[in-house]
1. What fraction, in whole percent, of alpha-carbon pairs in the stretch 60-103 exceed 17 Å separation?
2. Kindly report the accessible area of the stretch 66-118 per residue (heavy atoms of protein chains, probe 1.4 Å, no ligands, DNA or RNA), in Å².
3. Can you give the net charge of the other residues whose Cβ lies under 15 Å from the Cβ of Lys116, counting K and R as +1 and D and E as -1?
Amino acid sequence: MAGNMLKAMCIVVVAAVLAVNIVPAAEAAIGCGTVVSYLGPCIPYVTGQGPLGSCCGGVKGLYSAASTTPDKQSVCNCLKSLASSYNVDLGKAAGLPGQCGVNVPYKISPSTDCAKVQ
């Protein structure tokens, strides 16, 4: 159960943190397991079960790690697929970049088209 919540949180946060362009996901170095490991500390916060805690460290780390367009697209798609399956407060998830001092130039939402974000 905790793994599912972590996956959902990761999907929403990654989509909120990273800009994405059209690139084949096969070229990406960052997979969903990596996304989950960075964003695990955010799960209690985005599911309404705890404080922000050490979440920002993971958000900033993932943002820095996803430096290429394929990585950003992979992270975005991973977060979207995970978020669609779990009970995440989308408002809290969308607010994470701002709370963590990361500037994301697009709306954080499960409806974000990862292929169009630049």
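The values are calculated or read from the model by the stated rules, or taken from the named source; none is laboratory data. Being a predicted model, the structure only gives us computed values, none of them experimental. Note that we place each Cβ from the backbone using ideal geometry, even for glycine, and neighbour counts take in every protein chain shown. When the accessible area is computed, the model is the full protein with side chains, heavy atoms only, and any ligands, DNA or RNA have been set aside. Shrake-Rupley method; radii C 1.70, N 1.55, O 1.52, S 1.80 Å.
1. On the way: 386 of 946 pairs.
In whole percent, the long-distance tail amounts to 41.
2. For the stretch 66-118, the per-residue accessible area is 49 Å².
3. On the way: positive: Lys72, Lys80, Lys107; negative: Asp113.
Result for the neighbourhood of Lys116: +2.
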